[in-house]
Amino acid sequence: MHSSLDDTAALLSIADELYGAAAEIPISTATGYGIGLAEDVEDQIRRLGFLLSSFANTVAVQSRAPRTHGGPPARTHRRVIMEAHAAGTVGKALAELAEAMVQVAILQDRPSRYHPAVRADTIRSAHATLDSLFNSARRRLHHAACQLHRSADHLYRPVAPATSSTTEPRLPPSPPSVTARRPNNR
């Protein structure tokens, strides 16, 4: 059974992994793509694929948790939901990196297949597309990491006791009525 600190630590660990993955995506390919670009993109795809697998495992394990005694703690359930939301963003970034592999293949295609003018346009287009895909994937991963950090902060906050939002106004005690003090002379 996870405590709230374990759930918080899990979210922060995933957020750090996403920050790291975002930081390792190439910044710009406009000055050249280098021979290792395909390997770098492959490493990132593998890294994000492993994260998605981890998210899926977490959700599957929690779905099999015994429902006796109310099931998993509410904080653990919220953490799993937050991880599932992050998985969607990571999946979109992964798709963008997969598309980036297509652009890398275009850049590494033999120059003899195209007319020099067409080849130059193709290279410029592939570089621009790669930059766009890398920037988008980096933004998505960074956003998911920020969301997980904020969520971790909310998981750790102690829950304040519920207070009534409608309070009864306190009225001062009413003075004794004048008729109550008079003797009844009738």
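Yes or no: the range 21-34 includes at least one residue that is under 25 Å from SER125 (Cβ atoms), open to solvent by 80 Å² or more (accessible area, probe 1.4 Å), at pLDDT below 85 and of a type outside the set (A, V, I, L, M, F, W, C). So far as the range 21-34 goes, yes, one or more of its residues are under 25 Å from SER125 (Cβ atoms), open to solvent by 80 Å² or more (accessible area, probe 1.4 Å), at pLDDT below 85 and of a type outside the set (A, V, I, L, M, F, W, C).
Within the range 72-111, the set of residues being in contact with a His (Cβ under 9 Å, 6 or more places away or on another chain) and of a type in the set (Val, Ile, Thr) comprises THR76, THR89.
Report yes if some residue within the range 148-166 is modelled with pLDDT of 80 or more, closer than 30 Å to ILE14 by Cβ and touching a Pro at 6+ places or on another chain (Cβ under 8 Å); otherwise report no. Within the range 148-166, not a single residue is modelled with pLDDT of 80 or more, closer than 30 Å to ILE14 by Cβ and touching a Pro at 6+ places or on another chain (Cβ under 8 Å).
Only one of the numbered conditions (1) under 42 Å from the mean Cα position of the chain (by Cα); (2) at pLDDT below 90 is violated by ARG186, and that is (1).
Just one of the listed residues (PRO176, PRO72) is at pLDDT below 70, loosely packed, with under 14 Cβ neighbours inside 10 Å and either on the phi < 0 side of the Ramachandran plot or not in a helix (DSSP H, G or I) (or both), namely PRO176.
The values are calculated or read from the model by the stated rules, or taken from the named source; none is laboratory data. Remember, it's a predicted structure, so these values are computed and weren't measured experimentally. Neighbour counts are summed over all protein chains in view; Cβ atoms, including those assigned to glycine, are modelled from backbone coordinates with ideal geometry. Note: accessible area is taken over every heavy atom of the protein model, side chains too, but ligands, DNA and RNA are not part of it. Shrake-Rupley method; radii C 1.70, N 1.55, O 1.52, S 1.80 Å.
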